[in-house]
Amino acid sequence: MIQTRIGMGLVGPGFIAQHHIDAVRRLGDVDIIGLAGSSSASARRKAADFKVPEAFASCEELVNDPRIHVVHNTTPSYLHVPVTLAALQAGKHVISDKPLAMTPADCALLCDAAAAADVVNAVTFNYRGNPLVQEARARIARGDLGPLVNIEGQYLQDWMTGENVYSWRMDPVKGGVSSALADIGSHWCDLAEHIAGARIVSVLADIHTVVATRYTSGSSSEAFGTPGSGSRIPVAIHGEDLAAILLRFENGARGSLRVGQVLPGHKNDLQIELNGRHGSIRWEQERQNELWLGFHDRPNAILLKDPSLLTPEAAAYARLPGGHQESWADAFRNVIADIYDCVRDRSARPATLCTFTDAYRTSTIVDAMLQSAAAGSRWTAIPLHHNVEHGAAS
Ligand SMILES: NC(=O)c1ccc[n+]([C@@H]2O[C@H](COP(=O)([O-])OP(=O)(O)OC[C@H]3O[C@@H](n4cnc5c(N)ncnc54)[C@H](O)[C@@H]3O)[C@@H](O)[C@H]2O)c1
């Protein structure tokens, strides 16, 4: 059925929620009905901050409101399962931020629940929405690079460098056993498979916790809150904040990935390079309007983001003419727009759509990395799972 106006509600009004709401506002045919937070008071405060019309007293009230067709789940990771399940059981389409859930088993549970509800289900691996990411993907799909032999990159940050940085993200009960790999390594793995059109089949991981003791003031804080002042309560940290991974892809390509969140000077330093037998491509998130093209038999080149120079499927993701910089928020909006296209037309299969099944796969990759490290850095295969039953990853 093709709907005209669509109602959305959001549960978990923190950092990333604002970007979900901004993206939805840019679509023009989606009504933001309201949001639910950790309490009625918090929902009221956030609804006022985000200029959202209604504050719901609870998640249950929100997901059962008949005006709401799509539920965005932007809660801390430990709440992804109950909030997503409640929305699915109410028959709502669900857009969850990553990770889908904290373990592969919980991801499988949500994949089954989404299949049973027969609704649109998507996870916001937002880097897929960048026009030059789509350009890289299109060039590789049409064989410009020849067979891929090497896929490498990194996602490095520094915001966790200080030992007073502590939030739910570093608590294994609320953020999951894996820290940096689940949080940002997952973005890279999704992007690598999406651009390459090939799956990671095995991994060898070396992981480390650089900051093994963090300090909290004891008050709960949002993920990127300012470190608390006052009393300093030490907390032992077990999740990795530094990792180096070797990768093997199904097409025979080798790869490597570095992930870290305590590396001074690196803000959101996400980079990916793909080398084929005939050419190479590199995309850097912090210079996201440029695509590096490497050759062995002619000069290298930089392709600037300019819709008139891009392949048509990538140009469709550019919102501005060349010379005007597109940004993280534009790519995020592109991903949200693609998901809402699926809500309007269930037969749509837009390029950037990451389904629950795809996100489940990413969770098994992160899990295999942890298993590899725990086994003394052994090659560890990624298990085949729901992809077989529910169709291939995009
Ligand atoms: N796609 C991305 O690049 C990206 C970036 C940041 C975060 N994320 C993901 O988004 C999720 C949220 O992260 P964040 O950084 O926005 O965290 P955050 O701490 O800033 O926000 C979480 C919000 O959920 C609220 N909340 C807590 N308990 C709740 C409950 N029981 N019911 C409803 N709301 C509740 C909190 O009060 C807070 O407002 C995480 O799973 C994270 O991995 C994704």
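Can you confirm whether Asp97 is acidic (Asp, Glu), under 21 Å from Cys342 (Cα atoms), surrounded by fewer than 17 Cβ atoms within 10 Å (Cβ to Cβ) and out of contact with any Cys (no Cβ under 7 Å at 6 or more places or on another chain)? No.
Residues in region 28-49 that are over 22 Å from Ala90 (Cα atoms) and either free of Cβ contacts under 8 Å to residues at least 12 places away in the same chain or surrounded by fewer than 17 Cβ atoms within 10 Å (Cβ to Cβ) (or both): Gly28, Asp29, Ala41, Ser42, Arg44, Arg45, Ala48, Asp49.
Return the total of residues in region 72-129 being within 15 Å of the ligand (Cβ to nearest atom), under 21 Å from Glu61 (Cα atoms) and in contact with a strand residue (DSSP E or B) (Cβ under 9 Å, 6 or more places away or on another chain).
Narrowing region 72-129 to residues within 15 Å of the ligand (Cβ to nearest atom): 72-87, 94-103, 106-107, 110, 122-129.
Okay, now just the ones that are also under 21 Å from Glu61 (Cα atoms), so 72-87, 94-97, 110.
Still in the list and also in contact with a strand residue (DSSP E or B) (Cβ under 9 Å, 6 or more places away or on another chain): 72-75, 79-80, 83-84, 86-87, 94-97, 110.
Summing the residues that are within 15 Å of the ligand (Cβ to nearest atom), under 21 Å from Glu61 (Cα atoms) and in contact with a strand residue (DSSP E or B) (Cβ under 9 Å, 6 or more places away or on another chain) in region 72-129 gives 15.
Conditions: (1) of a type in the set (Gly, Ala, Ser); (2) assigned to a helix (DSSP H, G or I); (3) within 12 Å of the ligand (Cβ to nearest atom). Ser38 meets all but one. Number of the miss? Looking at each condition in turn, Ser38 falls short on (2).
Being in a loop (DSSP other than H, G, I, E, B) and within 16 Å of the ligand (Cβ to nearest atom) is the filter; apply it to region 346-361 and report the residue that is farthest from Asp112 (Cα to Cα).
Thr352
With the structure loaded, tell me whether Ala47 is more than 24 Å from Cys342 (Cα to Cα) and within 15 Å of the ligand (Cβ to nearest atom) or whether it fails that test. For Ala47, the condition - more than 24 Å from Cys342 (Cα to Cα) and within 15 Å of the ligand (Cβ to nearest atom) - is met.
All of the numbers you see were taken from the coordinates with simple rules; none came from a lab. Owing to the predicted nature of the structure, the values given are computational and were not obtained by experimental measurement. Virtual Cβ from ideal backbone geometry, glycine too; neighbours counted across all protein chains shown.
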